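Take a look at the structure below.
Please treat every number below as a calculation from the coordinates, not as lab data. Nothing here was measured: the structure is a model prediction, and the numbers come from that model. Positions of Cβ are backbone-derived with ideal geometry, glycine not excepted, and every protein chain shown enters the neighbour counts.
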Amino acid sequence: MVVLGIETSCDETATAVVEDGEKLLSSVVWSSMDLHTVYGGVVPEIAARSHIESIIPVIEQALKEAFPPQSSISNLQSSDPWDQIDAIAVVNGAGLGGSLLVGVTVAKELAILKDKPLYSINHVEAHVYASFLTESKKEWRLENRDWRIGGKNYQFPVQQPDFPMLALIVSGGHTQLALFKDHFDYELLGQTRDDAVGEVFDKAAKIIGLPYPGGVSISKEAVHGDDKKYSLPKAKLKDDKYGFSFSGLKTAVLRLAQAEIGEDYTFPSYKLPERLSDTQRANIAASFQRVAIETLVDKTIKAYEEYSPKSIVIAGGVAASQELRKQLRERLNTVDLNASNILTYPDMKLCTDNGAMVATLGCYKAMLNQTPADPYFLEINPNLCM
Ligand code: KG4
Ligand code: ZN
């Protein structure tokens with residue numbers, strides 16, 4: 001089963017080809033991030049326009065990388081890559097309306113023109129499936145002892161996660177804990193009531209004068225700071241064991257920065273970055289990162305203890321955080337010496353938005369006989385939930 005995946009839910013125009021839900025044949029990601037950086041966040045209209053410009057070249061590139069044109073004239077195999085594609089998978093939610101529309105419209109047209117089944121994909125579910133990729137094309141592959149190192153610098157887990165699987169899904173739009181009993185059979189244990197954790201990284205970064213996206217800039221800055229310098233609050237949610245709340249932490253970072261420069265809560269946040277010293281900035285970044293990640297890890301450990309899953313998967317942009325990987329590994333080891341062995345995370349490049357996770361989930365939908373979408377009627381759903 002070979003699936004072309006298409007993802008345009010935010011600022012990445014991403015496509016990929018995946019075989020049998022575990023082998024990566026190609027992955028192409030075009031990001032319009034640079035165009036948004038000056039605004040401090042993604043501008044929907046700019047993102048949509050960029051998708052329109054790049055979607056066709058990005059699809060063509062993924063097909064070309066997956067099925068390089070044969071040079072030998074004696075090769076009888078068809079040279080049309082579409083002959084090798086069994087199905088198309090496209091993200092139809094959640095995301096920005098204008099951005100989703102570009103990917104979905106192109107996918108519907110291709111499904112009709114090329115006569116392929118079309119699978120609609122939930123972006124958040126797809127993030128989890130990045131961890132099911134365990135290998136790449138033979139010609140790319142190199143092996144090492146613990147991880148399979150695919151060519152083009154992909155690093156894959158040695159084996160796919162087992163069910164029941166606990167998934168911590170952490171991105172710019174979502175913070176969720178879900179228990180997957182099997183493919184397409186999952187229970188949402190809890191989610192954020194307000195800001196998503198990635199969003200809080202982005203906002204905290206802005207407060208202390210670090211560039212967007214905040215997850216990356218805070219993790220770089222935190223290396224120079226003391227993560228115990230400040231204590232910041234963790235939300236305690238009564239009657240919501242696996243829920244999250246990050247809005248209090250965001251406000252606490254603002255108040256801390258104001259207090260550090262000797263001002264009160266009326267001091268405008270946009271003037272803060274120029275008044276903070278490098279040391280203050282690094283210490284706030286490190287302390288914030290520690291507490292934000294601890295909050296995620298606390299709930300994940302609690303769910304591990306309650307449900308005894310056979311695997312734990314971290315997914316989404318924030319899963320790229322080395323601090324999250326480290327804290328989770330260490331805490332799991334304190335609970336159970338073998339527990340950190342069941343922790344799986346995708347290659348860094350497959351944590352943030354990509355087409356490979358979409359194609360992978362598309363493979364499982366096709367292989368497990370899920371009903372395809374009607375290419376004449378599939379609609380976008382910007383608020384699609386898990
Ligand atoms: O999954 P993603 O690419 O897009 C969404 O679906 O939202 O996640 C983007 C988020 C951003 O908020 C970004 O700040 C965060 O992932 N992020 C990180 C790191 N790299 C990206 N957060 C913490 N540490 C990182 N290293
Ligand atoms: Zn995402």
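Antiparallel DSSP bridges in the chain: what percent, to the nearest 5?
For the chain, the DSSP antiparallel bridge percentage is about 65.
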- Item | Computed over the chain, the ratio Rg/Rh where both radii use C-alpha atoms and Rh is Kirkwood | 0.99
- Return the subset of Lys206/Lys302; Lys138/Lys349; Lys203/Lys236; Lys228/Lys250; Lys206/Lys241; Lys220/Lys271 for which the Cα-Cα distance in this structure is over 27 Å, preserving the input order. Lys206/Lys302; Lys206/Lys241
- Query: How far is helix 322-335 tilted off the main Cα axis of the chain, in degrees rounded to 10, range 0 to 90?
  - Reply: 80
- Message: Could you give the length gained by full extension between Glu379 and Gln84, i.e. 0.36 nm per residue of separation minus their alpha carbon distance, to one decimal place?
- Response: 103.6 nm
- Rounded to 10°, Cα long-axis angle of helix 44-66 versus longest principal axis of the chain: 50
- Message: Sort Val170, Val43, Val253 by Cβ crowding within 10 Å, fewest neighbours at the top.
- Response: Val43, Val253, Val170
- Debye-sum result for the stretch 3-114 in log10 I(q)/I(0), which assumes one identical scatterer on each alpha carbon, at q = 0.23 Å⁻¹: -1.23
- Note on the structure: Of Pro309, Pro213, Pro57, the most mobile residue in a GNM of the chain (C-alpha springs, cutoff 10 Å) is Pro57
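If r is the Cβ-Cβ distance from Asp264 to His224 and R0 is 35 Å, what FRET efficiency results, to the nearest 0.05? Working shown, then result.
On the way: r = 28 Å, r/R0 = 0.79.
Calculated value: 0.80.
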- Roughly what angle does helix 356-367 make with the longest principal axis of the chain, taking Cα atoms, 0 to 90 degrees, to the nearest 10? 50
- Out of Phe288, Pro211, Thr360 - ranked by how far each Cα lies towards the positive end of the dipole of the chain, with unit charges on the beta-carbon of charged residues - the top one is Phe288
- Taking the alpha-carbon centroid of each part, what is the distance from the stretch 306-350 to the stretch 183-222 in angstrom? 17
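Given Cβ point charges of +1 (Lys, Arg) and -1 (Asp, Glu) and nothing else, what value in debye, to the nearest 20, does the dipole of the stretch 271-328 about its Cα centre take?
Values: 9 positive and 7 negative charges, 22 e Å.
Magnitude of the dipole: close to 100 debye.
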- Item | Under the Debye formula (equal points on every Cα, no solvent term), log10 I(q)/I(0) of the stretch 270-386 at q = 0.10, 0.11, 0.17, 0.18 Å⁻¹ | -0.50, -0.59, -1.02, -1.07
